Amino acid sequence: MNGTPTLAAEDAEDLEIISARLQDAVARVKDLAWLPNAHRFAALFNRFKWEDVQRKRADLRVRSGLVFENVLSAKSHNIFYGNQEAVLSLLAIRFSPRAAEDPGGTVELVFSGGGALRLGVECIHASLADVSGEWAARGQPSHPEAI
């Protein structure tokens, strides 16, 4: 919508790029959806545009859609679906292969506060696209320094 190209991931290295792009993105529980009949997981995030900070532009956020195809299972940990308006802050996306040279494995979306989504995938096939215009962020996300 705003000229930002879609990012695609076909392997763990590609997924690291999408993970970096989505670091500190926030989503409501109701914006996460596993579609088992379609073997798809989709989510809408408000992501912080770290790439604009690097270019010394303003602190901005944009609505972004993340889609994983070839999803065989989805399990959550410490995500409470009773409150659909609860906000989750994404820290990282990780991939653990089932075995060496096997394209399948587990994609894990790691959220602050100990929440996680684990997607069993046949292979990595993901895309990320900005789907709205930008707006001013309230500030840059920050994390306490590790001890």
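Observations, loosely collected:
- When Asn70, Asn83, Asn78 are checked against the criterion of being touching a Cys at 6+ places or on another chain (Cβ under 7 Å) and in contact (Cβ under 8 Å) with a residue 24 or more places away in the chain, a single residue qualifies: Asn70.
- Given (1) under 14 Å from the mean Cα position of the chain (by Cα); (2) at pLDDT below 95; (3) loosely packed, with under 15 Cβ neighbours inside 10 Å, number of the condition Asp24 does not satisfy: (3)
- Some residue of region 101-112 being closer than 13 Å to Leu128 by Cα and either in contact with a Ser or Thr (Cβ under 9 Å, 6 or more places away or on another chain) or not aliphatic (A, V, I, L, M) (or both): no
- Odd one out for Ser89 among (1) over 27 Å from Ser142 (Cα atoms); (2) touching a Ser or Thr at 6+ places or on another chain (Cβ under 7 Å); (3) of a type in the set (Gly, Ala, Ser): (1)
- Test: residue in region 72-89 that is surrounded by fewer than 16 Cβ atoms within 10 Å (Cβ to Cβ) and among the acidic types (Asp, Glu): yes
- Within region 19-35, tally of residues that are closer than 21 Å to Gly133 by Cβ, part of a helix (DSSP H, G or I) and out of contact with any Lys or Arg (no Cβ under 9 Å at 6 or more places or on another chain): 1
- Screening Val110 against (1) free of Cβ contacts under 8 Å to residues at least 24 places away in the same chain; (2) touching a His at 6+ places or on another chain (Cβ under 7 Å) leaves a single unmet condition, (2).
- The listed residues are Phe48, Phe68, and the only one of them that is surrounded by 17 or more Cβ atoms within 10 Å (Cβ to Cβ) and within 18 Å of Gly133 (Cα to Cα) turns out to be Phe48.
The values are calculated or read from the model by the stated rules, or taken from the named source; none is laboratory data. Keep in mind the model is a prediction, meaning the values are calculated, not measured. Cβ coordinates were reconstructed from backbone atoms using ideal geometry, including for glycine residues, and neighbour counts include every protein chain displayed.
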